[in-house]
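As structure tokens, the structure follows; a few thoughts come after it.
Throughout, read-outs are computed from the coordinates displayed, never taken from laboratory work. Not measured: the values here are computed from a predicted model. Cβ sites come from the backbone with ideal geometry, for glycine too, and all protein chains shown count toward neighbours.
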Amino acid sequence: MTNMKKLAASTLLASVGLGFGASSAWALLPIEHWTQPGGAQVWLVNSPGIPMVDVQVAFDAGSRRDPAGQAGLASAVAMMASKGVTAQADAPALDENALGQAWADLGASFGAQAGRDSFSYSLRSLTEPALLQRAVALAARQVASPGWPADVWQRDRERWSASIKEADTRPGTVAAKAFTRAVYGAHPYGALATGESLSRIDTAAMQAFHRRLIAACRAKVSIVGALDRAQADRLVQQLLAPLQAPLQAAQDAAACGPLPDLPKVQALQAPVRENIPFAAAQAQVLIGQPGIARSSPDFLAVLVGNHILGGGGFTSRLTEQVREKRGLSYSVYSDFAPGLDAGAFTISLQTRPDQAQQALQVSQQTLQRFVADGPTDKELKAAKDNLIGGFALRIDSNRKLLGNVSNIAWYGLPLDYLEHWTERVQALTVRDVRDAMQRMLQPERMVTVIVGGEQ
């Protein structure tokens, strides 16, 4: 075992006993926020109980920024982040195997992922200085200098294309894709990677995407761990320095200008229905429409309303009406996916093909009644108790807390958002929930997709 591995292992073992009892104070820890001279914004929770740090660096470079005809580009860039780095000064180039071994030696982890709105890098490391400095230096290389090996991309593109073909043989995938296209239309949220779109992506396209959108001045950095503000500021400077180094003043100004506006998700003007034949034991039924953006003041009321309607598991109305009373489906649920723009509200269930129409009708009637009348006092109290009672589980680890801090950073929520979450939920009334659901949903104008039902 190398000295670095021994240090990582011994520090980790020493920290295990500190993991218990530390979480109870996390909800009370303040979030600090500042902007570095280069433009990067930082959100920090100094959580000293465990000698570890979790970091997320987010950019406005999610799949909604994929160029037309190249759906999957942002995800391809994220995939290639782990496939190697170029040589830097006295540091040699590393291929994907050497890079993986380097992280294993450090006892740390690093990854990239592309979501619908954002592109993010995530780092986890112990805060022992000898380990953290090397982990941040390696992460900085991956952020700024991916290797872009063309042969690896060709290999992974073939695997990805084959995976898409295989997934398209499943009724759930067929239903989800048809639903997404119908809800979003031509909006970038509705663009889906295909074998054809992947064939148009090469490493030059990835480099151009990375160069245009992954800029230090655009970074939103969230940190949770045993670092104070000065230490966190130095970490961010080290992590983003390689992104800034190649830029001249004119290039830097161009790189940090406003990104082009994207079209807004459009409300449905009429109901849409698709019945797709498919030989399967279970029919897939999806109902929904564009919902709300995360910035909507209705978010918490909709969260509670959706919990009562179909997001609360066995206590939800949809489960009661579709499963418990009529035995039409083992599982039925509702969900909403707010983002920078209006994500989809969805009701989803599976049932026997001969029961698809009945299950659809019951689900639609349940939705219509709930939107018209709202919850009962009893339902509202139960939902509040459940959500508030489970709030501690949302922040019971550094990683979960990081997810919440990143959410605050990405959507520009108040720094005290977590501190006042429970009291804001508790203050909601039946009328608040009903009115919010009515503003979001129009049951007479919804997308309905049935795959595998009787025609």
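Evaluate the charge dipole of the chain about its Cα centre and quote only its size in Debye, nearest 20, assuming +1 on the Cβ of each Lys and Arg and -1 on the Cβ of each Asp and Glu. If you can, show how the numbers build up before the last one.
Details: 43 positive and 40 negative charges, 73 e Å.
Dipole of the chain, to the nearest 20 debye: 360 debye.
Order these by the 10 Å Cβ neighbour count, fewest first: Val430, Val285, Val362. Don't skip to the end; give the middle numbers.
Values: Val430 15, Val285 28, Val362 20.
Going from sparsest to densest Cβ surroundings: Val430, Val362, Val285.
Rank these for me by crowding, His187, His420, His307, His33, going from fewest to most other beta carbons within 10 Å. Intermediate values should be presented prior to the final figure.
On the way: His187 17, His420 11, His307 23, His33 14.
Ascending number of Cβ neighbours within 10 Å: His420, His33, His187, His307.
Using only Cα atoms, locate the centre of the stretch 323-344 and the centre of the stretch 122-150, then give the distance between them in Å, rounded to an integer.
39
Using Cα centres only, tell me the gap between the stretch 46-75 and the stretch 154-194 in whole Å.
21
Which value at 222 nm does the chain reach when only helices count, each DSSP H run of 4 or more adding -39,500 (n - 2.57), with the total divided by all residues and rounded to the nearest 500 deg cm²/dmol?
Details: 16 runs with 194 residues, N = 455.
Calculated from helices alone, the mean residue ellipticity at 222 nm is -13500 deg cm²/dmol.
Below 8 Å between Cα atoms, with a sequence gap of 6+, how large is the relative contact order for the chain in percent? Mind showing how you got there, number by number?
On the way: 807 pairs, mean separation 95.1, N = 455.
Normalised by residue count, the contact order of the chain is 21 percent.
So which lysines can Lys325 reach, going by Cα to Cα under 26 Å and dropping same-chain residues fewer than 8 places off?
Counting by Cα, and skipping residues close in sequence, Lys325 has these lysines nearby: Lys378, Lys381, Lys384.
Using Cα-Cα distances under 8 Å and only pairs 6 or more residues apart, what relative contact order does the stretch 361-455 have, in percent? Intermediate results must be reported in sequence, preceding the final value.
On the way: 39 pairs, mean separation 45.4, N = 95.
The normalised contact order for the stretch 361-455 reaches 48 percent.
Give the relative contact order (percent, whole number) for the stretch 167-280; include only Cα pairs under 8 Å separated by 6+ residues. Walk me through the intermediate numbers first.
Numbers: 34 pairs, mean separation 41.6, N = 114.
After rounding, I find 37 percent.
On a straight-distance basis, which lysines could pair with Lys220 in a cross-link, Cα separation under 25 angstrom, same-chain partners fewer than 8 positions away excluded?
Within the straight-line cut-off, Lys220 pairs with Lys83, Lys264, Lys400.
Among 263-271, 445-453, how do they line up by average Cβ neighbours within 10 Å per residue, starting with the highest? Present the calculation step by step, with values, prior to reporting the outcome.
Values: 263-271: 12.4, 445-453: 22.9.
Those peptides, ordered most packed to least, come out 445-453, 263-271.
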